[in-house]
Structures are given as structure tokens and as C-alpha cells.
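Enquirer: There's a structure below that I have some questions on.
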Amino acid sequence: MKLQYRIIYMLSLLLISINLFASNIILVTGFEPFGSRNINGSWEAVKNLNGKQIGNKEIVVAMLPVLWDVAATKLHDLVKTHQPVMIISFGEAAGFPVRLETTAQNVRGKYRDNDSKLPSTRFIYRDGPDAVSTALPISIMQSALNNQNLPFMLSNDAGTYLCNEIFYTLMHDPGTEEAKIIPRGFVHVPSYMSRIKNKNGEIVVFDQVMLQLAAESIITAVARYQFGEM
């Protein structure tokens, strides 16, 4: 009986591998504006990347709503539809440089979403682990941003709003079994038109061009590292 289960397990892994190699999609998400703002830096960063090719991989970009539960459901639908080989979700963190998020927490803050609703539960997943880690190569992303002289920091706190919700969902329950073994994670970008000093003390104005440069540099570097795409 143990041998039978092992054979089934190995066949499952084989099928997952076949599906992964059959796909060429890199899924990238940003958020819609929230609160009283009419621009979200994360969407400015990724909106023009849809259809871009990195080797034989194609970027598919989607906007997530700033709505409890609904955003995670849309993420699941996107993953099931596109069967991506890599996922990077972006959010906005005002007042900070680019933040490479390392850890998501299984908690929801008491913040109202774009429908003025509070989260229905305290935890994202009732039986989920307290924290989960990114599956992106942090050092590769650091190097990519350094090469562009863009300011960045490492962060082990993605907050307790929808950014953390999507990050945790992406790592704990991305929507398919295949997605549990692919590179995936979350990055915060500055808010639109933020002025942040880089490592040389120079002011970087994060207009749409610079926001996109940050996102595209990260996505391209990770794709080349993971898949050898040039």
C-alpha cells in the first residue's frame, strides 16, 4: 500500500512538472487606488508591462481590488486561469523606498476596504501558520535594484491590510497545487511621485517611469535567474 501511495505521489509531481513547463506566463499584479487616492503606485509600476516578453515567457498583468476576501478570490481565479510559472504581486507603501517583503503574517488589521467594510475574521486562514516566507530570490532582486541606483530595503512586515493579505494567500494557498512550488512573492513600491534618497544620497522621484523601472527590473532579474531567460 505504501508503494502504491508513493507511485501516486510521484505521478502527481510529474503532472505538475509537465503543466509548469507547458506554461509561459509570469503573473504580475498591482492594486487599484484606495481610500481618497486616485492613483496607486503599484498599478503605475506594472500597468504597462502586460504582454512584455522575457525570453519565451510573457508577462500578464492584472489589477486586484482593495476589498477583503474579494482580492484573494480574484488572485485564485487568475492563478487557475493562467497557470503561471512565476508570480510577483506589488503593493504601495507610502513614505518608504522599494520594500522587498520577506514575511507575511496570518492576521488582518481593522481597516476598512474600498467598500468601507472591515475584515470578517481576525485571521486570513483560521488554521494557517502564523507566518510564511517569500519564495523569491531576495539577493537577486537587491542586485537588480542596486544596478539601477534605486532605493530599497528589506522588510519582514508587510502590514495588516490587503497587501499582507495577498502576500499570505500567495504563499500559503495560491489557488492551485502547481502554484505552491513556483517562485512567488510580494514587493512594495513607493507611492506615486514620492521622493526617496538612494544609496548615493540622490533624490529619486518615483513617477510612473521610475515605478515601472523598479518593477520591471525585479521581474526581469528574477525570471532570468529562475529560467535563464535573456
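The values are calculated or read from the model by the stated rules, or taken from the named source; none is laboratory data. From a predicted model like this one, the values you see are computed outputs, not experimental measurements. Backbone-built Cβ (ideal geometry, glycine too); neighbour counts: all protein chains shown.
Enquirer: If you check 189, 204, which single one turns out to be touching a Phe, Trp or Tyr at 6+ places or on another chain (Cβ under 8 Å) and either surrounded by 15 or more Cβ atoms within 10 Å (Cβ to Cβ) or under 22 Å from residue 41 (Cβ atoms) (or both)?
Expert: It is 189.
Enquirer: Any chance you could count how many residues in segment 194-230 are in contact with a Pro (Cβ under 8 Å, 6 or more places away or on another chain), part of a helix (DSSP H, G or I) and among the aliphatic types (A, V, I, L, M)?
Expert: The total comes to 2.
Enquirer: Do we find a residue being part of a loop (DSSP other than H, G, I, E, B) and without any contact (Cβ under 8 Å) to a residue 24 or more places away in the chain anywhere in segment 179-193?
Expert: yes
Enquirer: Taking residue 175 and the conditions (1) out of contact with any His (no Cβ under 6 Å at 6 or more places or on another chain); (2) more than 21 Å from residue 93 (Cα to Cα), which numbered condition does it fall short on, given that it satisfies the others?
Expert: Unmet for residue 175, out of (1) out of contact with any His (no Cβ under 6 Å at 6 or more places or on another chain); (2) more than 21 Å from residue 93 (Cα to Cα): (1).
Enquirer: Please find, within segment 95-108, the residue that is nearest to residue 186 (Cα to Cα) out of those that are at pLDDT 95 or above and assigned to a loop (DSSP other than H, G, I, E, B).
Expert: Within segment 95-108, the match that is nearest to residue 186 (Cα to Cα) is 102.
Enquirer: Are any of the residues in segment 82-94 surrounded by fewer than 20 Cβ atoms within 10 Å (Cβ to Cβ), at pLDDT below 95, not in a strand (DSSP E or B) and not β-branched (Val, Ile, Thr)?
Expert: yes
Enquirer: What are the pairs, 6+ residues apart or on separate chains, where a residue within segment 56-75 that is more than 25 Å from residue 223 (Cβ to Cβ) has its Cβ under 7 Å from a residue that is in a helix (DSSP H, G or I)?
Expert: Correct list of pairs: 65/71; 65/74; 66/162.
Enquirer: Something else about it: Please verify whether segment 35-51 includes one or more residues that are modelled with pLDDT of 95 or more, part of a strand (DSSP E or B) and not β-branched (Val, Ile, Thr).
Expert: Taking every residue of segment 35-51 in turn, none turns out to be modelled with pLDDT of 95 or more, part of a strand (DSSP E or B) and not β-branched (Val, Ile, Thr).
Enquirer: In segment 55-77, which residue that is over 14 Å from the mean Cα position of the chain (by Cα) and assigned to a helix (DSSP H, G or I) is surrounded by the most Cβ atoms within 10 Å (Cβ to Cβ)?
Expert: Looking at the filtered set, the residue picked out is 70.
Enquirer: Taking the condition of being in contact (Cβ under 8 Å) with a residue 12 or more places away in the chain, part of a loop (DSSP other than H, G, I, E, B) and either among the aromatic types (Phe, Trp, Tyr) or farther than 26 Å from residue 215 by Cα (or both), how many residues in segment 109-163 meet it?
Expert: 16
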